[in-house]
1. Here is a list of conditions, (1) in a strand (DSSP E or B); (2) in contact (Cβ under 8 Å) with a residue 12 or more places away in the chain, and residue 6 meets all of them except one; can you say which number that is?
2. I'd like to know if region 60-78 contains one or more residues that are free of Cβ contacts under 8 Å to residues at least 40 places away in the same chain and more than 14 Å from the chain's Cα centre (by Cα).
3. In region 63-78, which residue that is under 23 Å from residue 18 (Cα atoms) and surrounded by 21 or more Cβ atoms within 10 Å (Cβ to Cβ) is modelled with the lowest pLDDT?
4. I'm checking my understanding of the structure. Among residues of region 164-192 that are β-branched (Val, Ile, Thr) and over 21 Å from residue 70 (Cβ atoms), which one is surrounded by the fewest Cβ atoms within 10 Å (Cβ to Cβ)?
5. What are the residues in region 168-179 that are in contact with an Asp or Glu (Cβ under 7 Å, 6 or more places away or on another chain) and not in a helix (DSSP H, G or I), if any?
6. Can you pull out the residues in region 77-89 that are within 19 Å of residue 43 (Cα to Cα) and in contact with a strand residue (DSSP E or B) (Cβ under 6 Å, 6 or more places away or on another chain)?
7. Let me spell it out: the conditions are (1) in contact with a strand residue (DSSP E or B) (Cβ under 8 Å, 6 or more places away or on another chain); (2) hydrophobic (A, V, I, L, M, F, W, C); (3) open to solvent by 70 Å² or more (accessible area, probe 1.4 Å); (4) part of a helix (DSSP H, G or I), and residue 124 meets all of them except one. Which number is the exception?
Amino acid sequence: MEIRHSMRDGCVIVAFTGSIDLFTVSQIQHTLLKDLGGQPYALICDLSGIRQLDPVCATVFSTVANHPSSRWPATSFLLCGAQAPVAEILGRLQVPRFLPLYATLEEALDAAVDRPPYLRDELLLAPTPTTAAAARLYVRDILGYWQLALPDVAVVERAELVVDELVTNAVLHARTDLRLRLELGGDWLHIAVRDGSPRLLRMVSVNPEAESGRGLRLVEQLASAWGVHPHADGGKVVWCTLKLFAAG
């Protein structure tokens with residue numbers, strides 16, 4: 001794997017040449033995390049030199065974006081130049097649903113320079129019966145302050161539903177203090193809930209008669225993408241992304 005760095009308009013461009021597979025994926029992840037940690041204005045991955053992409057390793061970009069040490073979405077993180085077979089694999093895994101994939105480097109640079117401002121806010125919550133209600137009110141107030149409710153009320157409603165599910169799940173199963181984080185970057189609203197339990201969540205078959213277990217399926221239906229990972233300081237983070245504006 002050959003990795004080349006360059007800089008244009010305040011954006012770091014990382015060009016990969018070779019194959020993304022089990023032998024190179026760790027090197028790629030380490031490189032991207034180091035680059036994001038430097039907090040450039042934008043980080044653009046030029047994939048035009050990637051000849052082969054192992055589908056098992058294609059999640060490296062989402063893993064980097066949602067890693068605790070990542071500065072995304074404060075730093076724009078974009079992909080570009082993927083050849084048709086590589087783009088097909090990324091599309092099949094829904095990577096472009098939360099990480100933009102542009103046809104050319106020039107298009108990615110234009111998008112990075114023209115991106116809307118970045119906003120972030122965080123709330124510390126205790127695991128009480130009223131926590132979910134407080135989280136919903138917080139979401140409504142913050143997004144209203146950011147004026148997100150004006151162009152797309154549906155996004156605010158989806159955000160409230162998603163936050164309700166994630167916070168309720170943390171209260172019921174983690175039973176620790178938790179942090180709710182909202183981040184607005186580009187056309188995406190990023191939501192994350194961190195709790196103190198190391199137990200990672202997974203999708204399970206849902207019994208219609210069950211009192212719980214439907215939360216993650218609702219999150220999957222409402223969000224463009226979601227995931228869970230351990231936090232470097234303990235516990236875990238459950239995250240999801242919502243598209244701000246419907247296409248067309």
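The values are calculated or read from the model by the stated rules, or taken from the named source; none is laboratory data. The shown structure was predicted, so the numbers you read here are calculated from the model rather than taken from an experiment. For neighbour counting, all protein chains shown are included, and Cβ atoms are generated from backbone atoms with ideal geometry for every residue, glycine included. Ligands, DNA and RNA are excluded from the accessible area calculation, which covers all protein heavy atoms including side chains. Shrake-Rupley method; radii C 1.70, N 1.55, O 1.52, S 1.80 Å.
1. (2)
2. Checked against the condition, which is being free of Cβ contacts under 8 Å to residues at least 40 places away in the same chain and more than 14 Å from the chain's Cα centre (by Cα), region 60-78 yields no hits at all.
3. 65
4. First, the residues of region 164-192 that are β-branched (Val, Ile, Thr): 167-168, 171, 176, 191.
From what's left, over 21 Å from residue 70 (Cβ atoms): 167-168, 171, 176.
Details: 167: 27, 168: 17, 171: 22, 176: 15.
That would be 176.
5. Taking region 168-179 as the starting set, the residues that turn out to be in contact with an Asp or Glu (Cβ under 7 Å, 6 or more places away or on another chain) are 170, 174, 176, 178-179.
Matches in region 168-179: 176, 178, 179.
6. If the condition is that a residue be within 19 Å of residue 43 (Cα to Cα) and in contact with a strand residue (DSSP E or B) (Cβ under 6 Å, 6 or more places away or on another chain), then 77, 78, 79, 80, 81, 82 are the ones that fit.
7. The number of the failed condition is (4).
The rows are residues; the columns are (1) open to solvent by less than 20 Å² (accessible area, probe 1.4 Å); (2) more than 23 Å from residue 68 (Cα to Cα); (3) more than 18 Å from the chain's Cα centre (by Cα).
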residue: 11; (1), (2), (3): yes, no, yes
residue: 20; (1), (2), (3): yes, no, yes
residue: 25; (1), (2), (3): no, no, yes
residue: 34; (1), (2), (3): no, no, no
residue: 39; (1), (2), (3): no, no, no
residue: 47; (1), (2), (3): yes, yes, yes
residue: 50; (1), (2), (3): yes, yes, yes
